[in-house]
1. With segment 72-117 as the region, which helices (runs of 4 or more DSSP H) entirely inside it contain at least 1 residues that are over 26 Å from the mean Cα position of the chain (by Cα) and at pLDDT 95 or above?
2. Checking the condition touching a strand residue (DSSP E or B) at 6+ places or on another chain (Cβ under 9 Å), crowded, with 20+ Cβ neighbours inside 10 Å and in contact (Cβ under 8 Å) with a residue 60 or more places away in the chain, which residue from 102, 72, 68, 92 passes?
3. Is segment 45-60 home to any residue that is assigned to a loop (DSSP other than H, G, I, E, B) and either out of contact with any helix residue (DSSP H, G or I) (no Cβ under 6 Å at 6 or more places or on another chain) or surrounded by 14 or more Cβ atoms within 10 Å (Cβ to Cβ) (or both)?
4. Conditions first: (1) in a helix (DSSP H, G or I); (2) in contact with a helix residue (DSSP H, G or I) (Cβ under 6 Å, 6 or more places away or on another chain); (3) surrounded by fewer than 19 Cβ atoms within 10 Å (Cβ to Cβ). Residue 309 passes all but one, so which condition is the exception?
5. Just give me the residues in segment 355-403 being touching a helix residue (DSSP H, G or I) at 6+ places or on another chain (Cβ under 8 Å) and either in a helix (DSSP H, G or I) or free of Cβ contacts under 8 Å to residues at least 40 places away in the same chain (or both), in sequence order.
6. More than 24 Å from the chain's Cα centre (by Cα) and buried (at least 21 other Cβ atoms within 10 Å of the Cβ): which single residue out of 359, 370, 410 fits that description?
7. For segment 317-349, how many residues are under 15 Å from residue 264 (Cα atoms) and either assigned to a loop (DSSP other than H, G, I, E, B) or out of contact with any helix residue (DSSP H, G or I) (no Cβ under 9 Å at 6 or more places or on another chain) (or both)?
8. Please list, ordered by residue number, the strands (runs of 3 or more DSSP E) wholly in segment 195-297 having 2 or more residues that are touching a strand residue (DSSP E or B) at 6+ places or on another chain (Cβ under 8 Å) and farther than 17 Å from residue 311 by Cα.
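The values are calculated or read from the model by the stated rules, or taken from the named source; none is laboratory data. Small disclaimer: the values here were computed from a predicted structure and weren't measured. All Cβ positions, glycine included, derive from the backbone under ideal geometry; neighbour counts span all protein chains shown.
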């Protein structure tokens, strides 16, 4: 069945989304290796898997929900693609001794091996003494499907990742979106795996598709200004988008991406972390307008809401953590501003961010449990705003929320 790429908003009715249910790669981390893969701690697979099944269960009631592992298996059956991908990964981690073994594996087994980790072969003293068990390390960030790939209108962007720990994800996703026989797109705007400039980075948590002609991009710890310039020129030269709002956010662990402090939840509403979006220290924003060629006309605004208002989009902010700054700080750290919309005014997020959920309730959102939706005791109404709350105490320790864990490929018109 054809998987069409068609993305023109953050909130249009969800048609197709890619997720990755956490697997053995989570348990293949140790406290010593956690920092290498950008984790503050190690996760429990049983807890994380149970929570993620709530996300997938809810989304499966409204849209086609596709597992990344299945897509990867679908391309590894092509011998040339399998050979190219295996060589690229072995080159990345300097383990050519594994090429023959990996290329001989069946597609499904190889898919698991590439995600869960490939044990090393101690063929030299250096490799024997290396404390790592793995030549190609596990990819525990894979369930954050948002970051290594972005879809915009009918094209795809492969991330240029800020850290080596996530480059392998980008290589896997490049293979999927370039070669999967069921993917229907108009090609790539940009392929970050071909980028040789270490200063040029772009990740999906920093790219929000607001409408057909407008994209918001975070200038963050993970997305550089040179990466933003490159991607804006690439998009403007080929697609319908001519307007970009760039938001300069602090380069800190709590705000690695823009979607950790700002997400769209309805046609006229967003969830925000107030200190950086509406407060006195809010992040400045820049409207970059492309008419012809690679040159932009740039205007500066006090914040992203002011810039969007100047472009005809007036948004009502709903506070992550409610009105108390102490609760705002705590819940933003626990991905309280990171919601995923599966339709206008229909969103899913972590229920443990109770003050954020209360603020959404006060803003008119009906609050429904993911468990009740999956069990069938509650149904999602076709109209009226609703927030589905899911368990996520374990998943949020990985550093992301529901938007981070979803890669929408197609949405309907808003």
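1. Answer list for segment 72-117: 79-92, 99-103.
2. Matching residue, one of 102, 72, 68, 92: 68.
3. no
4. All conditions pass for residue 309, except number (2).
5. 355, 356, 367, 370, 371, 373, 374, 378, 379, 395, 398
6. The conditions single out 359.
7. Residues flagged as under 15 Å from residue 264 (Cα atoms) and either assigned to a loop (DSSP other than H, G, I, E, B) or out of contact with any helix residue (DSSP H, G or I) (no Cβ under 9 Å at 6 or more places or on another chain) (or both) within segment 317-349 amount to 11.
8. Where strands (runs of 3 or more DSSP E) fall fully within segment 195-297 and carry at least 2 residues being touching a strand residue (DSSP E or B) at 6+ places or on another chain (Cβ under 8 Å) and farther than 17 Å from residue 311 by Cα, they are 214-219, 262-266, 269-272.
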